[in-house]
Amino acid sequence: MKKKTFQEIEKKWQEKWWKSNIYHADTDSDKEKYYVLVEFPYPSGQGLHIGHARSYTFLDVYARVKRMEGYNVLYPIGWDAFGLPAENYAIKMKVNPNVVVDQNIENFRRQAKSMGWSFDWEREIKTTDPKYYKWTQWIFLQFLKNGLAYKGEAVMPWCPKCKTICANEEVVDGKHERCGTPVSKKKASQWWFAITKYADRLIEDLKYVDYPDFVKASQINWIGKKEWADVTFKIDNSEESFTVSTTRPDTIFGVTFIVVAPEHPAIEKIKHLIPQQYKEDVETYIEKALNKSELDRISEGREKTGVFTGLYAINPINNKKVPIYVADFVLMSVGTGAVMGVPAHDLRDFEFAQKFDLPIIRTIKDPENGDAPVDSKEKVYEGWDGVMINSDFLNGLSPKEAKEKVTEILKEKGLGKSTIRYHLRDWSFSRKHYWGEPIPVVYCDKCGMVPVPEEDLPIELPYVESYEPNEDGESPLANITDWVNTTCPNCGGPAKRETDTMPNWAGSNWYYMRYLDPHNDKEFCRRDILDKWMPVDIYDGGSEHITLHLLYSRFVYKVLYDLGFVPGPEPYKARRIHGLVLGEGGVKMSKSLGNVINPDDMVEKYGADITRTYLMFMGPYSGNAEWSNKAVEGVRKFIERYYSLVEMSIKNPADVEDIEVTKELHRLVKFVKDNVLDFKFNTAVAKIMKFVNSHKNIRLTKSQAEILLKALAPFAPHLTEELWEKLGNEFSIHQQLWPEIKEEYLTDKIIEIPVQIDGKVRTVIKVPKEASENEVWERFKKSEAFSKYLNEKSVKTKKYVSGRIFVVVTA
Ligand SMILES: [Zn+2]
Ligand SMILES: [Zn+2]
């Protein structure tokens, strides 16, 4: 009989898994829940890429280990299918986005199944399904009802060729992404979500979650909460003044100029003061500056430009006269739109001072450069350490003390106050596009804006012939008069529907809740199910989503929490960020370089299990990993060796159990489990490889073979399932519990570790050779030395130098 290929084995088990639905999470199970979430993909025409394949495998392995630990694990998948690429494709090819999206999803689903990921297919969702976006619209109505959604004007990018208002994310390098035409600006009415009302809580509540530090920092920086001082500088020889905003009032003795944003409304008021010989230059400069995008104006490394106004301002603290400039690196949208120039302690100010040959006064003797003259970029000091110098009555104070003192004096004089400001702006929540959720409001001549009643949801997207915006830049929906003209739910008179649609973030900020109750047509999710399953226990995603997606979804969840719809303030208990897959040699994968690895080709050539195991082995979870065909071959050899080791042991099992091998297997499964739960997938695989390589020619007993199968089952679910069956066991290995680990087998390799407390070795404890820092600590806690030397003292740091010493420093 011909031997089955790995691919044939994989097909057989996939069919059986999907048919028997063994990865379905039963909502009403008594087992403890565990919710594993990966960011759902945008189903593009290219299909799944290898980066998706890697991150879905990471979390699949994790979910499988959790299942084998006895948890009721939910690992769902769906499709984030609204968005610009589908709309752009529809415009180009003249097909309805629905058709394209469904084709793409079918391809993604086929690929996902071919990789053997243990998704709960009964819970599959897509954001473009009216049964789904009914609830996206319902959430919008809750925001509207509670004053958190409003309509307001905004200056938006405008593409003169497509005649459309563009979303900010559609503008790349100042050009419209769809057609490459440089965009200009146009005022337009927009829907907004009042996320700024939640700014403080979005910072504070980070204390409840387990996110990597850089993810928390990214949330905090984007919100950008800072204490500013607004300081009034009077214009010399006039009654007019400018209010500058600064986060560093302590450096006020170092001010050598003032800079005002070109769009500052006060410029108009002081124009008549500008001496004749400067007027033309100032006007020309302002006109030029206003045509640049904000991003261009503030981008780093760009040479500073500006123009002197011929006017001077008076420093309210030391009454010195300083020149006033207009320069485009200052934005009206930041602070008051005017800044005080302190070149010794601000890099941008330093660059400006160099360009215009302005004086530089150091006011902080800092720990790095002391009081050396600030004659190069490296000597600019922006920190808060050191002492004040060249600052009259502030000399000798710390910058923080000086800041308080200056703010106090300015307040007394009526020339300054402190203000809390945020970088965060309200969230623009409408687009002039077809392919998005219709916004459920109508406009009535008599009643004004009227929300669509909840019982009338969903407002479905109508089928249209053309997806281009109309001549006035309105959404293509505006052309469908049948759809636009409706009756007012309030008075029954004629009304018109809102033709803007929601942005592509709308469906992705609450999808993780819909998985919990995907077929419910009465609520977005039943409350008792939310109580049981939220928050998500672990959420994996890419580093491109650690700012906005995370912030928006946390915000929406908080609003629903305040309205009593969900059980807690945060949707995700823990967030992890995977690295990228790079091509051979560490370069980015790209079509033009011809180094793109397609998961389909890998499955065809090697099968899913070798592909999965290689993806886990190729490098650490959070680092970027380089593709290597040689290493893929190495993994193929390992899997074949593993397969034949177990197969041989099934045909011809060991007569007597070698207890040393059993002990090693116990240590192996413990290591694999601990490392997977610690997101060290690569070291877990390496350990199994090592075991197989050092036991090539042995035979295992049935129970030994079972342990070895379970160790690899999360990585290579198909082949281990096949061998499990060959061993005479019942379907399925993936519904078995993880092998019970015998403590006495682990303690075989016991080593002695000296424990050093505050520089002195106080005791020696016995620990398993592969104990983690936490395990060593736990064992030490049970020792006499612990109560003798550490009782009631608080520990400042502890560190386990693996296999050598445990070091404790007390506070
Ligand atoms: Zn365009
Ligand atoms: Zn009406």
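The values are calculated or read from the model by the stated rules, or taken from the named source; none is laboratory data. Fair warning: this is a prediction, and the values are worked out from it, not measured in the lab. Please note: Cβ atoms are built from the backbone with ideal geometry, for glycine as well, and neighbour counts cover all protein chains shown. Note: areas computed on protein heavy atoms with side chains; ligands, DNA, RNA excluded. Shrake-Rupley method; radii C 1.70, N 1.55, O 1.52, S 1.80 Å.
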Report whether or not SER794 is under 23 Å from HIS666 (Cα atoms), modelled with pLDDT under 85 and outside the structural domain of ILE659 (by TED's automatic domain parsing). no
State the number of residues belonging to the stretch 142-169 that are away from ligand 1 (no atom under 14 Å from the Cβ) and assigned to a loop (DSSP other than H, G, I, E, B). 3
Which is in contact with an Asp or Glu (Cβ under 8 Å, 6 or more places away or on another chain), away from ligand 1 (no atom under 16 Å from the Cβ) and open to solvent by 20 Å² or more (accessible area, probe 1.4 Å), of ASP385, ASP366? ASP385
Criterion violated by THR196 - all others in (1) of a type in the set (Ser, Thr, Tyr); (2) outside any helix (DSSP H, G or I); (3) within 23 Å of MET502 (Cα to Cα) satisfied: (2)
What are the residues in the stretch 418-436 that are outside any loop (DSSP other than H, G, I, E, B), closer than 20 Å to SER508 by Cβ and open to solvent by 10 Å² or more (accessible area, probe 1.4 Å), if any? SER428, ARG431
Let me spell it out: the conditions are (1) open to solvent by 10 Å² or more (accessible area, probe 1.4 Å); (2) under 28 Å from the mean Cα position of the chain (by Cα), and ALA63 meets all of them except one. Which number is the exception? (1)
In the stretch 394-412, the residues that are open to solvent by 80 Å² or more (accessible area, probe 1.4 Å), within 14 Å of TRP384 (Cα to Cα) and in contact with a strand residue (DSSP E or B) (Cβ under 9 Å, 6 or more places away or on another chain): GLU401
What are the residue pairs meeting all of these: first residue in the stretch 440-464, first residue touching a residue at least 24 places away in the same chain (Cβ under 8 Å), second residue within 16 Å of ligand 1 (Cβ to nearest atom) and of a type in the set (S, T, N, Q), Cβ atoms under 6 Å, and 6 or more apart or on different chains? none
Pick out the one residue from PRO476, PRO438, PRO489 that is within 16 Å of ligand 1 (Cβ to nearest atom) and not assigned by TED's automatic domain parsing to the domain that holds MET332. PRO476
Of the residues ALA90, ALA112, ALA81, which is more than 13 Å from PHE40 (Cβ to Cβ) and in the same structural domain as GLN7 (by TED's automatic domain parsing)? ALA90
Determine whether THR499 is more than 16 Å from ligand 1 (Cβ to nearest atom) and surrounded by fewer than 18 Cβ atoms within 10 Å (Cβ to Cβ). no
Looking only at the stretch 442-466, count how many residues are within 31 Å of the chain's Cα centre (by Cα) and β-branched (Val, Ile, Thr). 1
Matching residues in the stretch 389-403 - criterion: being under 40 Å from the mean Cα position of the chain (by Cα) and either within 29 Å of PHE308 (Cβ to Cβ) or aliphatic (A, V, I, L, M) (or both): ALA402
Quick check on GLU706: is it in contact (Cβ under 8 Å) with a residue 24 or more places away in the chain, acidic (Asp, Glu) and open to solvent by less than 10 Å² (accessible area, probe 1.4 Å)? no
Among the numbered conditions (1) surrounded by 14 or more Cβ atoms within 10 Å (Cβ to Cβ); (2) without any contact (Cβ under 8 Å) to a residue 24 or more places away in the chain; (3) within 13 Å of ligand 1 (Cβ to nearest atom), tell me where ILE203 comes up short. (3)
Quick check: is even one residue across the stretch 408-419 under 35 Å from the mean Cα position of the chain (by Cα) and either away from ligand 2 (no atom under 16 Å from the Cβ) or at pLDDT 95 or above (or both)? yes
Out of LYS151, LYS161, report the one residue that is open to solvent by 70 Å² or more (accessible area, probe 1.4 Å), closer than 23 Å to GLU460 by Cα and more than 16 Å from ligand 2 (Cβ to nearest atom). LYS151
So THR487 clears everything in (1) open to solvent by 10 Å² or more (accessible area, probe 1.4 Å); (2) among the hydroxyl-bearing types (Ser, Thr, Tyr); (3) away from ligand 2 (no atom under 16 Å from the Cβ) except one condition, right? Which one? (3)
Candidates ASP472, ASP482 - the one that is open to solvent by 30 Å² or more (accessible area, probe 1.4 Å) and part of a helix (DSSP H, G or I): ASP482
Any idea how many residues of the stretch 369-382 are more than 19 Å from LEU397 (Cβ to Cβ), open to solvent by 60 Å² or more (accessible area, probe 1.4 Å) and under 39 Å from the mean Cα position of the chain (by Cα)? 2
Within the stretch 752-773, restricting attention to residues that are at pLDDT below 85 and of a type outside the set (Lys, Arg), which residue is surrounded by the most Cβ atoms within 10 Å (Cβ to Cβ)? ALA771
Out of curiosity, is PHE253 in contact (Cβ under 8 Å) with a residue 60 or more places away in the chain and open to solvent by less than 10 Å² (accessible area, probe 1.4 Å)? no
Top-ranked residue in the stretch 263-311 [being open to solvent by 70 Å² or more (accessible area, probe 1.4 Å) and among the β-branched types (Val, Ile, Thr); ranked as nearest to GLY335 (Cα to Cα)]: ILE298
